[in-house]
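First up is the structure itself, then whatever we jot down about it.
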Amino acid sequence: MEARCDFLQWLQMDMSLNIFMSLDDPSDLIRASAVSPSWHHFVTANGLCKQLCLRLFPQLSSVSFVTEPSCGLKKSADVGSSNSVEWEALEMEHRAYAFLVRALTTFTPKDCIAEAISASSTDNFPEESIQNTLDPRDRVLRRASYWSSKGQSDPSVPETLIYKVTGNLCVITEISVQPFLAYFQPGFPIYSAQSVRFRMGHPRSPEDVESDPRNLPLQHPADDKFIWTYTSQEFPMTQENYLQKFQLPEPVICIGGFLQIELLGRVQRQEMDGLFYICVSYVEVMGQSLFPAFDVKNLEPSGKLLLKYNPEVQHCASPISSYRQPLATSANMLHDNLRGLELLLNMLHGNAPDHEHNDWDDDDDNDNDLDLVPM
């Protein structure tokens, strides 16, 4: 113990970076930043929490600014800067990305559709509106509940459905679509698509869409009002009446809060008019909103994104508080979670914990003490 030393003092910069960047668990990286003042400075100055976040979620590469309510707008500072203002920006980025990457990697998915925005076409509006796809029941008030496209003689004509998810920053893991079975038509036809594809993005003009998405007409195309920053692979659908789940290869951040479902190829012709239709009875999007702890804003006309981080809501019940396990219901669990949050906040500010009083050696308490958000 007398001969121990800090490897940062002996290794070259590149080698030290390689060692720290091999930590792919956010908790490990945060622990490392709390070992000593020099390790905290190294992790913070080199933006390692941000690098880990971008490595796991490359969609965030479009974020150029970070802000906290108490700090104002900050642009990413240069590594190695000794200027106090630039160091303050680095410290803020460290805190924001540490909480963000932890939140993005530890959550329990739930349905996160906020509202239906528009469909590329609707056969009979409002009876067959996209709004019907938000209700899992196939009948509402004794009427069939589904969305129907207009009929097409060409089965290759696609259709699109656009939804707003909860918050402008939402991590999505799975999308499910249930084709509609027309139980009132001869032969009980199922109007599915051949395949589906998913896009995520943000509005071209925040003033027109973000202020009130309901201004968009539900029965007309609205694709030209959005910029899609993510496009999934194409998933085959089966012509069966059940909720078909399409799991994304890895969780994807929906930056901007809008999701498009592309329905590709038609398989069912309607007997009465000989045209091909696509009908959907229910849509479900599984993921987790990061609002209100995190939000994003499109900075026009540059197109750069502003990441807003509000640490104050970490103390409040919020969507993020559902990560990993249900809200604490006992006084002891609440005390442990608040104590763990206090420990983490101290670590993010570079204050090493008192090793005589910490509980890291207790396996039962390890997870709770290092959660980034209160349960």
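Computed values, structure above
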quantity	calculated
Filtered residue count, the range 184-198, keeping only those that are buried (at least 18 other Cβ atoms within 10 Å of the Cβ) and either part of a loop (DSSP other than H, G, I, E, B) or of a type in the set (Gly, Ala, Ser) (or both)	4
Qualifying residue in the range 115-137 (condition: over 21 Å from PHE198 (Cα atoms), touching a residue at least 40 places away in the same chain (Cβ under 8 Å) and small (Gly, Ala, Ser))	no
Residue tally, condition modelled with pLDDT under 90 and either at positive phi or not β-branched (Val, Ile, Thr) (or both), over the range 105-122	1
Residue list for the range 267-288, restricted to those being farther than 20 Å from ASN132 by Cα and of a type outside the set (A, V, I, L, M, F, W, C)	GLN268, ARG269, GLN270, GLU271, ASP273, GLY274, GLY287, GLN288
Number of the condition not met by MET15 [criteria: (1) exposed (fewer than 14 other Cβ atoms within 10 Å of the Cβ); (2) of a type in the set (A, V, I, L, M, F, W, C); (3) within 24 Å of LEU100 (Cα to Cα)]	(3)
Residue that is modelled with the lowest pLDDT [pool: residues in the range 314-326 that are buried (at least 18 other Cβ atoms within 10 Å of the Cβ) and not small (Gly, Ala, Ser)]	TYR323
From the options VAL177, VAL165, VAL171, residue that is touching a helix residue (DSSP H, G or I) at 6+ places or on another chain (Cβ under 7 Å), farther than 15 Å from THR122 by Cα and either hydroxyl-bearing (Ser, Thr, Tyr) or in the same structural domain as PHE125 (by TED's automatic domain parsing) (or both)	VAL171
Residues of the range 161-183 satisfying the condition of being surrounded by fewer than 18 Cβ atoms within 10 Å (Cβ to Cβ), under 30 Å from GLY274 (Cα atoms) and in contact with a strand residue (DSSP E or B) (Cβ under 6 Å, 6 or more places away or on another chain)	SER176
Flag for GLY303 being under 26 Å from ASN132 (Cα atoms), out of contact with any Ser or Thr (no Cβ under 6 Å at 6 or more places or on another chain) and modelled with pLDDT under 95	no
Tally of residues being touching a residue at least 12 places away in the same chain (Cβ under 8 Å) and either outside the structural domain of ALA98 (by TED's automatic domain parsing) or among the hydroxyl-bearing types (Ser, Thr, Tyr) (or both) across the range 14-32	2
Residue that is nearest to VAL177 (Cα to Cα), among those in the range 105-115 that are in contact with a Phe, Trp or Tyr (Cβ under 6 Å, 6 or more places away or on another chain) and of a type outside the set (Ser, Thr, Tyr)	ILE113
Residue in the range 86-93 that is surrounded by fewer than 15 Cβ atoms within 10 Å (Cβ to Cβ), assigned to a helix (DSSP H, G or I), free of Cβ contacts under 8 Å to residues at least 60 places away in the same chain and not basic (Lys, Arg) present	yes
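Each row is one residue, and each column tells you yes or no for (1) among the hydroxyl-bearing types (Ser, Thr, Tyr); (2) surrounded by fewer than 18 Cβ atoms within 10 Å (Cβ to Cβ); (3) under 26 Å from ILE253 (Cβ atoms).
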| position | (1), (2), (3) |
| --- | --- |
| SER118 | yes, no, yes |
| ILE130 | no, no, yes |
| ARG139 | no, yes, no |
| ARG143 | no, yes, no |
| TYR146 | yes, no, no |
| GLU159 | no, no, yes |
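The values are calculated or read from the model by the stated rules, or taken from the named source; none is laboratory data. Just so it is clear, the structure is predicted and the values come from calculations on it, not from any experiment. No Cβ is skipped: glycine too gets one built from the backbone with ideal geometry, and neighbour counts run over all protein chains shown.
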